[in-house]
Amino acid sequence: MKKTMKDQKMVLIILLSNIFIAFLGIGLVIPVMPSFMNLMHLTGQTMGYLVAVFAMAQLIMSPFTGRWVDRYGRKKMIIIGLFLFAVSELIFGLGTNVSVLYIARVLGGISAAFIMPGVTAYIADVTSDEERPQAMGYMSAAISTGFIIGPGIGGFLAEYGIRMPFLFAAAIAFVACVSSIFVLKEPLTKTQLAEIAANAKQANFISDFKRSLQPLYFIAFIIVFVLAFGLSAYETVFSLFSDHKFGFTPKDIAVIITISSIFGVIVQIFLFGKMVDRLGEKKLIQICLIAGAILAAVSTMISGFWTVLTVTCFIFLAFDLLRPALTTFLSRAAGIEQGFVAGMNSTYTSLGNIVGPALGGILFDVNINFPYLFSAVIIVIGLGITIFWKEKQLG
């Protein structure tokens, strides 16, 4: 019988801290990137490529690391991921030419591919079906919180030098790595890992991708892609959209994103578990998709700071509830193969994060409203797909 979340408080704190630190490190560097760009004499195109190679590296590695999580254990993958993340931030902070920065970003993407499946599978292993939605809600909140406070801390640290946020991110990741070595214990026995490994084929991107097309997983993975695509397209053009259409200042935009994110985190922590209990994953996912599509379209018709803030709060909330609801469903469907499913979850998320911003930027150049309208259409398609979701899959 699994221990309750209360009995495993320290383990969950370490796991959530790990995922929080990874996303805090990503958020830390956001405010200094324009200054870093000027210091290194980088073009906007180069900065775009530096963002893309992170997602590409994560995309390519995720199926492999997902399998390795099942084969070699959750703890090892988490520790390796945190170590690689620390090294990537250190290299980026000390880098003096573009090729070194690319190496750092590739390492960062690989580290994310280790950390995400490892933590997701570990949480799934140590929580019961009843407690898992709440635990996944906490994980999603840790990700969001890292993004929220990261830029603020990064801006403060930049006062002490433009490279300081990167060095700080490396330091906290290393501390998390060391603490995980001593606090975390592998949740599966060697026999269980050997059994999973015996049932799994050699890690292969194509075979894993084909396997993700099975009816049990496919619809959920497509919605994972839709979520990542819609949210990244929305977020990528949000500051440009707000600046061009409403004349908002960077401070206005920062306030809207911060308040919206905090609102989402609060609901995740206190209400997500209850919402899943009352509605079930399928209905909650459908409600979030409906709200997301409507609000994305409404975003093209509104004006005024408070109206934009209100709409943004609820569209962020819809996306913030979708993520843990999908993760919970997938972890239940996975059985003992948590690593494979968590890895493919990361793969489809990366695909959305690569395609969404690219298309969002292209459409923005054509018409300022097109990225939001296109996001709405993609979300509606995702909603249509859930109609074919069989209830028995959610058992």
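Each value in this text was obtained by applying a stated rule to the coordinates, not by laboratory testing. What you are looking at is a predicted structure, and each value in this text was computed from that prediction instead of being measured. Note that we place each Cβ from the backbone using ideal geometry, even for glycine, and neighbour counts take in every protein chain shown.
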**Message:** Over the Cα atoms of the chain, each weighted equally, I'd like the Debye log10 I(q)/I(0) at q = 0.07 Å⁻¹, rounded to two decimals.
**Reply:** -0.30
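What number comes out for the charge environment of Glu89, summing +1 per Lys or Arg and -1 per Asp or Glu over other residues with Cβ under 12 Å away? Working shown, then result.
Numbers: positive: Arg105, Arg163; negative: none.
Residues near Glu89 contribute +2 overall.
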**Prompt:** Of the peptides 168-181, 309-322, how do they stack up when ordered by the mean number of other Cβ atoms within 10 Å, highest first?
**Reply:** 309-322, 168-181
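Only counting other Cβ atoms within 10 Å, I'd like Thr127, Thr349 sorted with the fewest neighbours first.
Numbers: Thr127 22, Thr349 26.
So the residues, fewest neighbours to most, are Thr127, Thr349.
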**Asked** What full-extension length gain, to one decimal in nm, is calculated for Thr191 and Leu373 as 0.36 nm per residue of separation minus the Cα-Cα distance?
**Response** 60.4 nm
**Request:** Step through the residues of segment 73-80 one at a time and calculate ³J(HN,Hα) from phi using the Karplus curve (6.51 cos²θ - 1.76 cosθ + 1.60, θ = phi - 60°), rounding each to whole Hz and writing x for Gly and Pro.
**Result:** x, 5, 4, 4, 5, 5, 5, 4
**Full-stretch length increase - Phe156, Ala171 - with 0.36 nm per residue and alpha-carbon distance subtracted** = 3.8 nm
**Complete:** Quick calc, the chain, dipole around Cα centre from Cβ unit charges on Lys, Arg (+) and Asp, Glu (-), nearest 20 debye, gives 800 debye
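If you take every residue apart from Pro165 with its C-beta less than 12 Å away from the C-beta of Pro165, what net charge results, scoring Lys and Arg +1 and Asp and Glu -1?
So the environment of Pro165 carries a net charge of -1.
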**Request:** Mind sorting Lys76, Lys210 by how few other Cβ atoms lie within 10 Å of their own Cβ, fewest first?
**Result:** Lys210, Lys76
**Asked** Summing -39500 (n - 2.57) over the DSSP H runs of n ≥ 4 in the chain and dividing by its residue number, what mean residue ellipticity at 222 nm do you reach, to the nearest 500 deg cm²/dmol?
**Response** -28000 deg cm²/dmol
**Asked** If Lys and Arg each add +1 and Asp and Glu each add -1, what is the summed charge of the other residues whose beta carbon sits under 11 Å from the beta carbon of Tyr72?
**Response** +4
**Message:** Within a 10 angstrom radius of the beta carbon, how do Glu195, Glu281, Glu131 rank from fewest other beta carbons to most?
**Reply:** Glu195, Glu131, Glu281
